[in-house]
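Below is one structure; the comments refer to it alone.
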Amino acid sequence: MSSAAASRHPGSEVLLAVKDLHAWYGESHVLHGVEFEVRAGEVVTLLGRNGAGKTTTLKSIIGIAPQRRGSIRLMGRESVGLSSRQVARLGVGYVPEERGIFASLSVKENLELPPIVQTGGLTSGQIFELFPNLRSRLTSQGTKLSGGEQQMLAIARILRTGARLLLLDEPTEGLAPVIVEQIGRMVAQLKQAGFTIVLVEQNFRFARTFADRHYVMDQGRVVEMIPSSEIDTSMDKLHSYLSA
Amino acid sequence: MFELLGISPYGLFGQLLIGLINGSFYALLSLGLAVIFGLLNIINFTHGAQYMMGAFAAWMLLNYLGIGYWWALLIAPLVVAVIGVIIERLLLARLYHLDHLYGLLLTFGVGLVITGLFRNYYGSAGLPYPTPGGLTGGSDLGFMFVPTYRVWVIGLSLVVCFGTWALVEKTKLGAYLRATTENPVLVGAFGINVPRLITLTYGFGVWLAALAGVLAAPMYSINPNMGIDLMIVVFAVVVIGGMGSILGSIVTGFGLGLIEGLTKVFYPEASSTVIFVVMAIVLLVRPAGLFGRSG
Ligand SMILES: Nc1ncnc2c1ncn2[C@@H]1O[C@H](COP(=O)(O)OP(=O)(O)OP(=O)(O)O)[C@@H](O)[C@H]1O
Ligand SMILES: [Mg+2]
């Protein structure tokens with residue numbers, strides 16, 4: 001599994017290693033031993049049909065899944081028992097599926113809400129270079145932005161904090177193709193800048209342009225790992241996993 | 001004009017002043033409830049007891065330690081707030097994962113216990129507290145008599161109320177508070193210490209209640225039950241203003257104080273019920289309250 005990763009990122013350390021991860025919502029057991037790893041500087045996607053457990057996996061990593069068990073090694077530290085606050089402070093930035101823009105905060109307040117957890121975050125100047133739309137909207141109410149702008153804001157606000165590992169849950173969901181492209185370019189730029197990214201994404205044709213590898217989830221497990229270079233030869237397999 | 005209405009200007013403006021004074025207390029107390037409710041989702045039924053403790057703390061400082069009003073204004077609310085913080089850490093924090101009803105019952109019970117303890121030691125007869133030097137007396141404006149201490153109370157309440165509003169709406173700490181009110185899980189996932197924020201907020205709400213208690217000490221007799229009747233009205237104010245709204249608490253607090261004062265002039269029979277009549281009407285027309293966000 002990791003040989004492909006190692007070939008693209010030889011020698012780079014494993015930033016995130018998930019092993020035998022289980023998670024529950026009350027009585028219902030939704031993750032059944034998820035395993036995957038991500039090396040520093042990689043962009044990795046989690047694919048899978050609705051309800052496969054992608055969001056729950058990200059929630060388990062950041063520490064907000066209600067019940068989880070197994071092993072999550074983050075930056076070389078076991079983190080499965082840590083609170084989300086402690087995980088964030090290890091340098092993990094999280095963009096939830098519903099974006100989580102605060103209605104009672106202005107755009108600027110939303111942007112500046114997450115505290116700096118490490119040095120080396122983007123400056124405001126760099127952020128406005130990536131997201132020029134935000135600069136003119138700083139005093140607007142956060143939720144008055146368009147869907148695309150809210151998504152940009154949700155990503156922008158975790159770039160300031162110095163987090164090195166970004167967990168993005170379906171950033172392109174429900175957005176117009178132009179915006180999706182813009183977000184794609186932005187993710188590629190972030191990769192260039194050295195961020196490590198776990199991206200939940202339905203559209204693998206879109207994600208293959210900048211992602212290194214794709215983990216396919218089904219019924220609470222990772223069932224397949226496909227490097228971007230092998231997407232074309234794996235089409236049948238992918239379709240069978242992703243069709244409803 | 002006053003002659004036509006058959007009332008004297010002294011009566012009218014006097015009642016308006018009393019209305020503003022009552023309004024100051026309604027505003028300070030409902031503001032504390034609003035701040036606490038916003039973040040904890042708990043209606044703090046200990047609030048009346050904490051108001052009473054503020055007044056008693058000032059009295060104790062004076063009678064046991066010889067510490068006067070001005071220092072008491074600083075020390076007493078802090079001491080009561082610290083006790084509040086201990087209650088939150090020790091008791092309330094254990095209930096956050098349960099239905100909010102448990103928090104409500106707990107604060108209600110703690111309030112009863114505190115009130116009972118004070119009644120046991122100090123009886124129900126009122127204790128006097130002298131008006132602080134420099135704020136005694138008053139001035140006759142020709143159409144009304146204005147006691148200096150009351151002007152001070154109204155002024156300080158306004159400053160504290162709008163200071164609180166600015167703190168919540170205009171500062172970084174306030175942004176944390178507002179965000180946590182909306183989505184505490186996500187705020188925690190950004191690395192912010194949400195439990196500490198909640199503790200601080202509860203402490204601040206209690207501080208407001210105790211501050212109101214110190215302000216009340218020289219005006220009303222200090223007794224263990226002093227918070228009870230007042231809180232019944234304050235809960236009505238909170239319902240009218242809208243649960244958890246900062247500005248709503250302030251405006252509704254002062255506004256209802258004034259309405260109550262005016263009713264005393266024009267229709268004294270209704271003065272003790274007018275707030276509840278307003279509450280009933282507001283509930284019928286706008287169930288979320290005047291400033292509440294419905295849903
Ligand atoms: N809060 C919850 N309470 C109970 N069950 C939940 C909850 N959230 C998710 N589930 C269930 O857990 C399973 C995994 O859900 P999850 O949200 O992780 O899937 P997903 O892969 O992100 O799906 P989607 O593509 O629709 O976002 C699903 O069966 C879902 O119904
Ligand atoms: Mg999902």
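Residue by residue through region B:225-233, which ³J(HN,Hα) values in whole Hz follow from phi under the Karplus form 6.51 cos²θ - 1.76 cosθ + 1.60 (θ = phi - 60°), with glycine and proline marked x?
Each residue's phi maps through the Karplus curve to give 8, 4, x, 5, 5, 4, 5, 4, 5 Hz.
Counting DSSP beta bridges with both partners in region A:4-242, what percentage is antiparallel, nearest 5?
Antiparallel bridges: around 60 percent, rounded to the nearest 5.
Using only the alpha carbons, work out the radius of gyration and Dmax of region A:4-242 in angstrom.
For region A:4-242, the Cα-based Rg and Dmax read 17.1, 49 Å.
Which residue, B:Gly244, B:Gly227, B:Gly163, tops the fluctuation ranking in a GNM of chain B built on C-alpha contacts under 10 Å?
B:Gly163
How far is helix B:246-266 tilted off the main Cα axis of chain B, in degrees rounded to 10, range 0 to 90?
The angle comes out at about 30 degrees.
How high is the FRET efficiency from B:Leu283 to B:Ile75, r the C-beta distance, R0 45 Å, rounded to 0.05?
Plugging the Cβ-Cβ distance into 1/(1 + (r/R0)^6) gives 0.65.
Please find, in a Gaussian network model of chain A (springs between Cα atoms separated by less than 10 Å), the residue of A:Arg135, A:Arg68, A:Arg164 whose mean-square fluctuation is greatest.
A:Arg135
Which whole-angstrom value gives the distance between the alpha carbon centres of region A:122-148 and region A:43-112?
22
Just from its helices, what would the mean residue ellipticity at 222 nm be for the protein assembly as shown, if runs of 4 or more DSSP H residues each count -39500 (n - 2.57) and the sum is divided by every residue, rounded to the nearest 500 deg cm²/dmol?
-17500 deg cm²/dmol
What is the gain in length, in nm to one decimal, between A:Val178 and A:Thr233 on full extension, counting 0.36 nm per residue of separation less the C-alpha to C-alpha distance?
Gain in length upon complete extension: 17.0 nm.
State, as an integer percentage, the relative contact order of region A:4-242 based on alpha-carbon contacts under 8 Å between residues 6 or more apart.
Computed over region A:4-242, the figure is 27 percent.
Suppose R0 equals 35 Å; then what is the FRET efficiency for A:Glu98 and B:Lys170 from their Cβ-Cβ distance, rounded to the nearest 0.05?
In this case the efficiency is close to 0.80.
How much of the DSSP beta bridge set in the protein assembly as shown is antiparallel, as a percent to the nearest 5?
65
Can you give me the C-alpha center-to-center distance between region B:66-132 and region B:235-250, rounded to a whole angstrom?
Measuring centre to centre over Cα atoms gives 22 Å.
Once amide H atoms are built 1.01 Å from N in the peptide plane, which residues 5 or more positions from A:Val222, or in another chain, come under 5 Å H to H?
Amide H neighbours of A:Val222, under 5 Å, 5+ apart: A:Glu35.
Compute the distance in nm between two label points, each set 7 Å from the Cα along the Cα-to-Cβ direction, one at B:Tyr121 and one at B:Ile228.
If labels sit at B:Tyr121 and B:Ile228, their model points lie 1.9 nm apart.
Pairs A:Lys54/A:Lys237; A:Lys19/A:Lys59; A:Lys144/A:Lys191; A:Lys54/A:Lys108: which exceed 21 Å Cα-Cα?
A:Lys144/A:Lys191; A:Lys54/A:Lys108
Taking 0.36 nm per intervening residue step and subtracting the Cα-Cα distance, what contour gain separates A:Arg135 from A:Glu27 on full extension?
Here the segment from A:Arg135 to A:Glu27 would lengthen by 34.3 nm.
Label B:Ser272 and A:Ala188 with points 7 Å out from Cα along Cα→Cβ: what is the distance between them in nm?
Each label point lies 7 Å from its Cα, and together they span 7.7 nm.
Using the crude model of +1 on Lys and Arg Cβ and -1 on Asp and Glu Cβ, and no other charge, please compute the dipole size for region A:4-242 relative to its Cα centre, in debye to 20.
Charge dipole, region A:4-242, about its Cα centre: 580 debye, nearest 20.
Measure nothing but the geometry: give the 0 to 90° angle between the long axis through the Cα atoms of B:148-170 and the longest principal axis through the Cα atoms of chain B, rounded to 10°.
The angle comes out at about 30 degrees.
Give me the percent relative contact order of chain B, please, defined on Cα pairs under 8 angstrom at least 6 residues apart.
38
With the convex hull built on the Cα atoms of the protein assembly as shown, state its orientation-averaged projected area in nm².
Approximately 30.8 nm², given one-decimal rounding.
Sorted from largest to smallest, which semi-axis lengths in Å does the alpha carbon gyration tensor of chain B give for its equivalent ellipsoid, taking the root of 5 times each eigenvalue?
They are 32, 24, 18 Å, listed from largest to smallest.
Mind giving me the FRET efficiency for B:Thr131 and B:Tyr10? R0 is 30 Å, r the Cβ-Cβ distance, nearest 0.05 is fine.
In this case the efficiency is close to 0.90.
No lab work stands behind these numbers, since they all come straight from the coordinates. Only a predicted model underlies this, so the values are computations on that prediction, with no experimental measurement involved. In this analysis, Cβ positions are derived from the backbone assuming ideal geometry, glycine residues included, and neighbour counts consider all displayed protein chains.
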